[in-house]
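Note sheet for the following structure.
The values are calculated or read from the model by the stated rules, or taken from the named source; none is laboratory data. Worth saying up front: this structure is predicted, and the values here are computed from it rather than measured. Note that each Cβ is placed from the backbone with ideal geometry, even for glycine, and that neighbours are counted across all protein chains shown.
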Amino acid sequence: MALTQLNLGSELGLEVLHQRWYALVLYQLDTAPTDFMELRRTVRGISTFNLLLRLKTLTDWGLITTIPEDDYSYRLTASGVMFHNILTSLEDWGNQQLVHELSN
């Protein structure tokens with residue numbers, strides 16, 4: 001049977017990777033709270049409005065959450081930690097490929 005479409009989970013994962021701002025935000029966050037202004041400083045090149053939109057989407061997807069005591073701090077959820085690990089694994093793989101290419 002020929003595959004013509006990815007499953008919905010794969011589609012969502014690729015959407016996060018395709019839109020670089022999602023991946024950059026997830027890469028910067030941890031399970032410890034990160035203040036919005038700190039996040040704004042570390043994710044360069046995105047407007048405040050677009051950052052807020054991306055944070056809202058990532059919250060809706062269950063990858064991040066706001067801190068109940070402080071609506072302007074964010075942290076990874078368990079699902080977000082899983083995706084963060086995927087991003088770091090992808091980075092490790094890419095770095096290995098670059099080393100391999102440079103050594104040839």
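Highlighted here are the helices (runs of 4 or more DSSP H) found entirely within the chain that include at least 3 residues which are exposed (fewer than 15 other Cβ atoms within 10 Å of the Cβ): 8-18, 36-42, 48-60, 78-103. Tally time: how many residues in segment 40-51 are of a type in the set (A, V, I, L, M) and at pLDDT below 95? Residues in segment 40-51 being of a type in the set (A, V, I, L, M) and at pLDDT below 95: 2 in total. Can you find a residue in segment 5-24 that is modelled with pLDDT under 90 and among the hydroxyl-bearing types (Ser, Thr, Tyr)? Within segment 5-24 (the criterion being modelled with pLDDT under 90 and among the hydroxyl-bearing types (Ser, Thr, Tyr)), the answer is yes, since at least one residue qualifies. Considered as a group, the residues in segment 64-80 that are charged (D, E, K, R) and touching a residue at least 12 places away in the same chain (Cβ under 8 Å) include one that is farthest from GLY13 (Cα to Cα), and that residue is ASP70.
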